[in-house]
Amino acid sequence: MSRILLSVLLVSIATLSGCGSDPTAELGNPVTVSGTITLDAKPSANVEVVFKRLDAGAPAQNRQFVAQTDSAGKYSLEKVYPAKYSVMVNEKKEDTGDEDGAAAIETGPYVKYGSATKLIAEVTDTKTTFNFELTSKK
């Protein structure tokens with residue numbers, strides 16, 4: 001009797017703990033998202049691009065993805081799961097070594113694309129390229 005009880009207990013613990021389960025299994029297959037950011041028809045070099053998942057259906061590490069554009073305004077984000085994302089674009093502060101030194105800031109021509117952004121990207125298995133043509137006009 002005690003062997004049966006012990007077996008049932010071990011199976012129950014393994015089942016409840018999610019032993020071997022993948023928390024991203026229901027999110028679909030991750031894709032690489034890429035694109036170009038321009039401001040007033042010119043490449044946006046060295047700006048931060050943030051894709052923030054709009055639903056809460058993913059583990060924390062899979063809700064936000066950050067990249068920096070190159071000199072041509074191109075960015076690439078890897079292992080992004082299909083979903084609807086809010087897209088923020090921010091200038092970067094110079095790295096001063098203090099706590100806020102490397103943080104993205106919402107100033108200058110990108111201010112309307114920060115936390116108040118209206119940019120949306122709906123990532124799917126086949127829709128992975130998102131080019132954003134931004135303007136500095138208010």
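Among the residues of region 44-55, which ones are crowded, with 17+ Cβ neighbours inside 10 Å and either under 21 Å from Leu134 (Cβ atoms) or over 10 Å from the mean Cα position of the chain (by Cα) (or both)?
First, the residues of region 44-55 that are crowded, with 17+ Cβ neighbours inside 10 Å: 44, 47-51, 53.
Those that are crowded, with 17+ Cβ neighbours inside 10 Å and either under 21 Å from Leu134 (Cβ atoms) or over 10 Å from the mean Cα position of the chain (by Cα) (or both): Ser44, Val47, Glu48, Val49, Val50, Phe51.
Of all residues in region 55-85, how many are touching a strand residue (DSSP E or B) at 6+ places or on another chain (Cβ under 8 Å) and either small (Gly, Ala, Ser) or in contact (Cβ under 8 Å) with a residue 60 or more places away in the chain (or both)?
8
Select the strands (runs of 3 or more DSSP E) contained entirely in region 56-95, then report the ones holding at least 1 residues which are of a type outside the set (S, T, N, Q) and under 16 Å from Glu133 (Cα atoms). Working first, answer last.
On the way: elements: 64-68, 74-80, 83-92.
Correct list: 74-80, 83-92.
Restricting the search to region 42-54, which residues are outside any strand (DSSP E or B) and under 12 Å from Val123 (Cβ atoms)?
At the first step, the residues of region 42-54 found to be outside any strand (DSSP E or B) are 44-47, 54.
Of everything in region 42-54, just one residue is outside any strand (DSSP E or B) and under 12 Å from Val123 (Cβ atoms), namely Leu54.
For (1) aromatic (Phe, Trp, Tyr); (2) under 18 Å from the mean Cα position of the chain (by Cα); (3) exposed (fewer than 11 other Cβ atoms within 10 Å of the Cβ); (4) modelled with pLDDT under 95, each residue gets a yes or a no:
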site	(1), (2), (3), (4)
Thr32	no, yes, no, no
Ala104	no, yes, no, yes
Thr117	no, yes, no, yes
Lys137	no, no, yes, yes
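Given the options Ala67, Ala58, Ala41, name the one that is surrounded by 13 or more Cβ atoms within 10 Å (Cβ to Cβ), at pLDDT 95 or above and of a type in the set (A, V, I, L, M).
Details: Ala58 fails: at pLDDT 95 or above; Ala41 fails: surrounded by 13 or more Cβ atoms within 10 Å (Cβ to Cβ).
The conditions single out Ala67.
The values are calculated or read from the model by the stated rules, or taken from the named source; none is laboratory data. Since we're looking at a predicted model, the values are computed, not measured. Because the Cβ atoms are built from the backbone with ideal geometry, glycine has one as well, and the counts that use them run over all protein chains shown.
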